[in-house]
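The values are calculated or read from the model by the stated rules, or taken from the named source; none is laboratory data. Keep in mind that this is a model prediction, so the values were computed, not measured. Here the Cβ is made from the backbone with ideal geometry for all residues, glycine too, and neighbour counts use every protein chain on show. With ligands, DNA and RNA removed, areas are computed over all heavy atoms of the protein, side chains included. Shrake-Rupley method; radii C 1.70, N 1.55, O 1.52, S 1.80 Å.
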Amino acid sequence: MSSNELDVPALRARLDGSLVLPGDPSWDDARQAWQLTVDQHPDAVVLAASAADVVAAVELARGAGLRVAAQGTGHNASPLGSLAGTVLIKTSGMRGVVIDPDARTARVEAGALWADVTAAAAPYGLAGLAGTAADVGVVGYSLGGGLSWLARSRGLAANQVVAAEVVTADGVLRRVDADSDPDLFWAIRGGGGSFAVVTALEFRLVELGAPLGGTLFWPIERAAEVLHAWRGWTATLPDEVTSVGRLLRFPMMEEVPEAVRGRSFVVVELVSALDGGATDAALAPLRALGPVMDTVHPCTGAELAEIHMDPPGPMPGTGDGFLLDALPAEALDAFLSVVGPEADFPVLSAEVRHLGGALAPQPAAGGAVSGFDAAFAVFCVSITPVEAAVKATHRGLDALSEAMRPWSAPTGYLNFAERAGGAPFADPATLDRLGRVKAAYDPAGTIRGNHPVAPVPA
């Protein structure tokens, strides 16, 4: 179907925002995702400015026999696949944030970024369980679970969601919570965006305290020595410390700080909720390895978002990830054989994140995905400005997945899965229940998430 089948005048008349169609001067900007390698071609784009805009888009798209897909930033746009026959609802213009310091909650509109929440909550000494990049959208991140620097002590961000305002496939704006729509509320917490278009989220905030965070750097040639030491070190850590072992190959770009520009490192990134003395004691084994830089220091919420050194704007990147049941020495050797300093797959970033602690599944407190039955998470990304680089990166990612297969978990992490066809993001029973929720609220499959869930008749 084409956008010509939409009642364009009726839709435009109802919008507080705007409707962009193929051929319009702003079409290429409107359809673009943060992930610049993804070339999105929907039938139309609604630049939503309000929940009423989302209602109008869903109603008129459904009436025309089209699907809808919602997108805040488009960080994980690739799994959406073809957007033919789809109206893309961009929510980036809906960035309102309201903090209730007494209740320690936040209400955020669908386009809010974690930087917006961090800035609004900081004056009250509060924080959300933000991702490692400030420009990631709160809603998409939370629907997929949400893995923060405080995750080992606080769990997934999805577990902190207390209510959501959503537009379901019938065009109805609802406020869903554990009492009003318990099945739908369960599904959106970790089950992704297949069930409704979220227009606002309400979630609990935490006291930030005085965390310490930063990065220890060594030359990449020491990758095996440092990462094996880090692997053993993680077994000694309390839940108050979350860390990442990572290989970084910085490009020669002006956006990269001069101190690391064009250089390659093995690093350990971490955030500790322990006090300074306890953090120093915990770090002693790693510092004994003589890092060439050590940036661990007391951090504000905004500074936590700088530790991972994610690019500050849209980029042409290709990546993917998976979960590991365990990381024995031979598994780390297999990882390094594909992405290490002497490998033929020189990715920009290859990381292993330590899980465990409060990241264990929390079925009583959470939704469809309340935690991970896994010990570590792997994610790799390359800069891929041309199609040949995308294909080469996919070959390398496939080689890494195959090398790590003996230790891979049966499920994956939705937000780290940037390609279709990997491990499912939940166990079979959960996926079946999600399918039944989809059938109850969207039997025709009008709403499409970036990791689609198909309706399963009861």
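Given charges of +1 on the Cβ of Lys and Arg and -1 on the Cβ of Asp and Glu, with all other atoms neutral, how large is the dipole of the chain about its Cα centre, in debye to the nearest 20? Write out the running numbers ahead of the final one.
On the way: 31 positive and 52 negative charges, 96 e Å.
For the chain, the charge dipole is close to 460 debye.
Which of the peptides 56-63, 273-280 is most tightly packed, and how do the rest follow, judged by the mean count of other Cβ atoms within 10 Å per residue? Before the final figure, lay out each step's value.
Working: 56-63: 23.2, 273-280: 15.5.
Descending packing order for the listed peptides: 56-63, 273-280.
Using a 1.4 angstrom probe, figure out how much accessible area the stretch 244-403 has per residue, in square angstrom, rounded to the nearest whole. The partial results should precede the final answer.
Numbers: 6760 Å² over 160 residues.
Spelled out: the 1.4 Å probe surface of the stretch 244-403, per residue, equals 42 Å².
How large is ³J(HN,Hα), in whole Hz, for each residue of the stretch 213-219 in order, when computed from phi with the Karplus curve 6.51 cos²θ - 1.76 cosθ + 1.60 and θ = phi - 60°, using x for Gly and Pro?
These are the phi-based 3J(HN,Hα) values: x, x, 9, 9, 10, 9, x Hz.
Which entry in (1) 22.7; (2) 20.9; (3) 26.8 is this structure's computed mean projected area of the Cα convex hull in nm²?
Entry (2).
What list of ³J(HN,Hα) couplings, whole Hz, do you get for the stretch 173-185 from phi and the Karplus terms 6.51, -1.76, 1.60, once you set θ to phi - 60° and write x for glycine and proline?
Listing the rounded values in order: 8, 10, 9, 10, 8, 5, 9, 7, 9, x, 5, 5, 4 Hz.
Could you list which residues have their amide H under 5 Å from that of THR105, counting only those 5 or more apart in sequence or on another chain, with H placed in the peptide plane?
Amide H neighbours of THR105, under 5 Å, 5+ apart: ASP100, LEU205.
At what distance in nm do the modelled label points of GLU255 and ASP170 sit from each other, each positioned 7 Å from its Cα along Cα→Cβ?
Those two pseudo-labels are separated by 4.4 nm.
Taking only the alpha carbons of the stretch 279-397, what extent do you get along each of the three principal axes, in Å, biggest first?
Between the extreme Cα coordinates on each principal axis of the stretch 279-397 lie 43, 42, 36 Å.
With the crude spin-label approximation of a point 7 Å out along Cα→Cβ, what separation in nm comes out for ASP398 versus GLN362?
Simple spin-label model gives 3.9 nm for this pair.
I need the phi-derived Karplus couplings for the stretch 290-297: 6.51 cos²θ - 1.76 cosθ + 1.60, θ = phi - 60°, integer Hz, Gly and Pro marked x.
x, x, 7, 9, 9, 9, 5, 7
What order do you get for 431-437, 127-133 when each peptide is scored by the mean count of other beta carbon atoms within 10 Å, highest first? The partial results should precede the final answer.
Working: 431-437: 18.9, 127-133: 25.0.
With the highest mean Cβ count within 10 Å placed first, the list reads 127-133, 431-437.
State the Cα centre-to-centre distance between the stretch 381-403 and the stretch 126-168 in whole Å.
28 Å
Just report the Cα centroid separation between the stretch 192-210 and the stretch 233-284, whole Å.
27 Å
Explain nothing, just the number: relative contact order of the chain, from Cα pairs under 8 Å at least 6 residues apart, as a whole percent. Working shown, then result.
Working: 1078 pairs, mean separation 79.6, N = 458.
Normalised by residue count, the contact order of the chain is 17 percent.
What is the spin-label model distance, in nm, from ASP28 to ALA10 if the labels are put 7 Å beyond Cα along the C-beta direction?
Those two pseudo-labels are separated by 3.4 nm.
Using only the Cα atoms of the stretch 253-329, what are the Rg and Dmax in Å?
15.5, 41
From the helices alone, meaning DSSP H stretches of at least four residues, give me the mean residue ellipticity at 222 nm for the chain, per-run term -39500 (n - 2.57), in deg cm²/dmol to the nearest 500.
Values: 13 runs with 120 residues, N = 458.
It lands at -7500 deg cm²/dmol.
Express the carbon and sulfur contribution to the solvent-accessible surface of the chain as a percent, rounded to the nearest whole number, probe 1.4 angstrom.
On the way: 9620 of 17810 Å².
Looking at the chain in its full context, I get 54 percent from C and S.
Quote to one decimal, in nm, the extra length available between ALA326 and ASP177 on full extension: 0.36 nm per residue of separation minus the C-alpha distance between them. Let's see the in-between values first.
Working: separation 149, 0.36 × 149 = 53.64 nm, distance 3.52 nm.
Going from the current span to full extension adds 50.1 nm.
Just to confirm, what accessible area per residue do you get for the stretch 1-154 at 1.4 Å probe, in whole Å²?
Values: 5700 Å² over 154 residues.
So the stretch 1-154 comes to 37 Å² accessible per residue, rounded to a whole number.
Among 68-74, 387-393, what's the highest-first ranking by average C-beta atoms within 10 angstrom per residue?
Values: 68-74: 25.0, 387-393: 14.7.
The densest-packed peptide leads the list: 68-74, 387-393.
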